[in-house]
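Taking it in order: structure first as structure tokens, then the write-up.
Every read-out reported here was derived from the displayed coordinates using simple, explicitly stated rules and does not represent laboratory data. Since the structure is predicted, the reported quantities are computational estimates derived from the model, not experimental observations. With ideal geometry, Cβ positions are generated from the backbone for all residues, glycine too; neighbour counts draw on all protein chains shown.
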Amino acid sequence: MAMCNQFTDEVLKGDGFSLTPLHLGDIEDITSACRDEITQQWLPLPRPYTPDVARAFIEEIAPAMHSSGAGLVRRIEVAERLCGVIDLKQTDWKALETEIGYWVAPWARGRGLAGRASRVLSKWALGDQNMARVVIKCATGNTASQKAALSAGFVNEALARSAGIIHAGRVDLAVFSRILSTSTLRSRTLRSQGNEQSSAHAGDPRDHEVSHSAAIGRVQDSAYRQVTRRSARMR
Ligand SMILES: CC(C)(COP(=O)(O)OP(=O)(O)OC[C@H]1O[C@@H](n2cnc3c(N)ncnc32)[C@H](O)[C@@H]1OP(=O)(O)O)[C@@H](O)C(=O)NCCC(=O)NCCS
């Protein structure tokens, strides 16, 4: 069976908010936010969105996304309350590409939360989690979402025609991306190759771990991660 990569299950801190795991106490807030007219307009969520759907999202869908390597779901938490959900999804561990999706609850909109959370999550994905490219795809009519993507430092790079599905039908998607600079990618690759070579000669058991990780496309050596974090340049 093919080895499967996963994001680490971490809490991420932003300015005035945290990205934390969902829990069963979120059922009511998720149900309410996902019944909202604007949320339903732009996301093809179940209709009606019931508390059982929210429970399945928390107990089954989000854990499966993590364990399969497809992504990671976080609640956007302010003052201990769920104010939105943001996730990494459609992750391609060979191409080192992932996609951010989000919604913000009606009671927390208009404060820049989606953009700020996307900035934190994409920085973490490109740095600590070794991704090379993070995308956000928004329906061309969804102005608030496109503004959020831009405020997170993403660049509008393309139009994917008829690529999105919402309740109203198929829509064109504006594609935004945040990527590592070529020089950072090059030094990451060189570092990864260097680890593979040295591990073939050295007797340190940690070297085996680094070599194995590099072979599956992900270097987990913590010293390397610190260097990468310092030198990562995103654009
Ligand atoms: C899109 C969404 C996540 C934006 O979240 P947010 O945290 O409110 O984003 P921001 O506060 O950065 O707002 C983005 C822009 O939209 C505007 N905006 C946000 N909510 C608004 C509202 N209810 N009415 C009018 N404008 C609004 C903001 O003023 C801001 O514009 P500005 O940068 O010119 O000030 C949120 O509106 C939402 O959850 N929508 C429904 C689900 C959805 O569309 N998800 C994304 C699918 S791609």
THR50-SER183 pseudo-label distance in nm [points 7 Å out on the Cα-to-Cβ vector]: 5.7
Theoretical FRET efficiency, 1/(1+(r/R0)^6), r = Cβ-Cβ of GLU37 and TRP107, R0 25 Å, to 0.05: 0.95
Neighbourhood net charge (15 Å Cβ-Cβ; Lys/Arg +1, Asp/Glu -1) for SER32: 0
Spin-label model distance (nm) - GLU59 vs GLU10, 7 Å beyond Cα toward Cβ: 3.1
Label-point separation in nm, LEU190 to ALA158, each point 7 Å along Cα→Cβ: 3.0
